[in-house]
Amino acid sequence: MSPDSQSPATNRRQFLKRSTAAASVLAAAGSLRTPVYGQNQAPSANVLGANNKLVIGFVGVGNQGGGAHVGLNLEHFKENNVSFAAVCDVSKHRVQEHVSRIKSKSGDDAQGYEDYRKVMERKDIDVIFCATVDHWHTPVSKAALESGKHVYVEKPMTRYLGEAFELYDTVKRTGKLLNVGSQGCSDLKWHKAAEWIRAGKIGPIAMLQGSYMRNNPWGEWNYNVQKWATPDDINWNLWLGNQVKSRRPFDADHYFRWRKYYPYCSGLLGDLFPHKLHPYMLATGNPEFPVRVAAVGSRKFHTDLRKEGRKPEQETKYERDVAEIIQLIAEFPSGYVMHITSSTVNEQGTQERIRGHMATLDMAGNKVQLNPERPFAEEIDPQTSEGFPGESVAAHHKNFYESIRANKQPNAGIDLAVKVQTVISLAETSDRLGVMCYFDEKTRKVTDGSGREIKPLTYGSTKES
């Protein structure tokens, strides 16, 4: 049968397949000239070989810093070829605990510090893990970069928007690598989605949707207050730093449960949203700054006040500042919209999907499933990827070390991270000030719908900040 005698649907299917194939070739060719995200060459001055040992210092060794970062690095230190030189924390108890732990597990004589600046003076340290309270992420990370060290900083990258660009500019100026601790970025299913999207398999992106839901009847983040946490053990003024304007006296509740309070954290936006924003924005294949962001949150359940079933160690003196429920909508220059939801009072999530004009990617589980949209069902074949290992902090560590040695951007590197933090910070500004936030990436300015400039939230800009 001649091409002219084929049905319109057949012609359309062949045209789309040729177009998709051409897009794949162009994407591959383009990657030789302009590396795709995750493969960008970093301007690092020090290129290490695969056999070079990396020396690590830890700043902040609480639940995440001690449990995940010290713990997993010790578990994998031989295969990652790393050693440990420093442990820094405002708590004497935590420093001593992890110095001893490192000695017993690896044999390394890590030194203990209270002041992070002493760690930065060490010329033998290559990498800093920063897992402090959020308002210390920027000072510690910036000092590390400027002292010639690569940085793995916990999410969110910064507390406020201005700090995100401060770190971005420092990374670009120093040529060192920064990786954010959003381990979903090292889950290969998101990279598979990015590959398919760049190849044109779903057409233009229309919408991304996801959620991170929990349900804690007695209030999320009411971690147990430990008996060792006293003013003699903790340097409270150093923990607050110069950033926090409310100079409350030592408070163990605020020390352990800081994610509940605005001076130190944006709550769900800072803790859970990064686990969705980083992977979804990576999966677009070309992460962008948002054009506008709106968020709505509420805290009407008063879970901190609930008495039924609460254990003595869960008692809390204060209600949270941050929302128990929050929804975010962001629009991007390419025209797609992203909708992310999070909660601490209901654990039923939404479908994890990337919707394109021609097909939809279902992201639940460990595979990527491509389902054609009905109008294109005759032209596009359904497709399911191979199964991938689930997200892993250890895998995220490994990617970071490999990136340092190969002189390439890690999976949650600065170019992605600054865009994610912009979404987070604009969402917080939107929710707390009751405005729609428009963003201009060239000027880095935020405005409302009428073009009036909005000063993004920062330390001391509101009573709760």
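Bear in mind these aren't lab numbers, they're just calculated from the coordinates by the rules spelled out. Every value quoted in this text rests on a predicted model; they were computed, and no experiment measured them. Cβ sites come from the backbone with ideal geometry, for glycine too, and all protein chains shown count toward neighbours.
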Can you give me the distance in nm between label points at E386 and D109, each placed 7 Å from the Cα along the Cα-to-Cβ direction? 4.7
Rounded to the nearest 10, the angle in degrees between the Cα long axis of helix 274-283 and the longest principal axis of the Cα atoms of the chain comes to 30
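Which pairs, out of K189/K445; K123/K276; K118/K155; K103/K189, put more than 28 Å between their alpha-carbon atoms?
Details: K189/K445 34 Å; K123/K276 36 Å; K118/K155 24 Å; K103/K189 37 Å.
As for pairs spanning more than 28 Å Cα to Cα, those are K189/K445; K123/K276; K103/K189.
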From fewest to most C-beta neighbours within 10 Å, the residues F289, F129 line up as F289, F129
Going by alpha carbons, how many degrees (0 to 90, nearest 10) lie between the helix axis of 161-174 and the longest principal axis of the chain? 80
Measure out, as a whole number of angstrom, how far apart the alpha-carbon centroids of the range 319-388 and the range 180-227 sit. 10
In sequence order, what are the phi-derived ³J(HN,Hα) couplings for the range 229-242 according to the Karplus relation 6.51 cos²θ - 1.76 cosθ + 1.60 with θ = phi - 60°, rounded to whole Hz, with x for glycine and proline? 7, 10, x, 6, 8, 10, 7, 5, 5, 5, 4, 5, x, 7
Share, in percent, of DSSP beta bridges within the chain that are antiparallel, nearest 5: 60
Helix 137-146 sits at what angle to the longest principal axis of the chain, using alpha carbons and giving 0 to 90 degrees rounded to 10? 80
In Å and whole numbers, how far do the C-alpha atoms of the chain stretch along each principal axis, longest first? 87, 55, 45
Run the numbers for F165 and R122: contour at 0.36 nm per residue of separation, minus the present Cα-Cα distance, in nm. 12.9 nm
Spin-label point model (7 Å from Cα, Cβ direction): what's the S100 to E79 distance in nm? 2.9
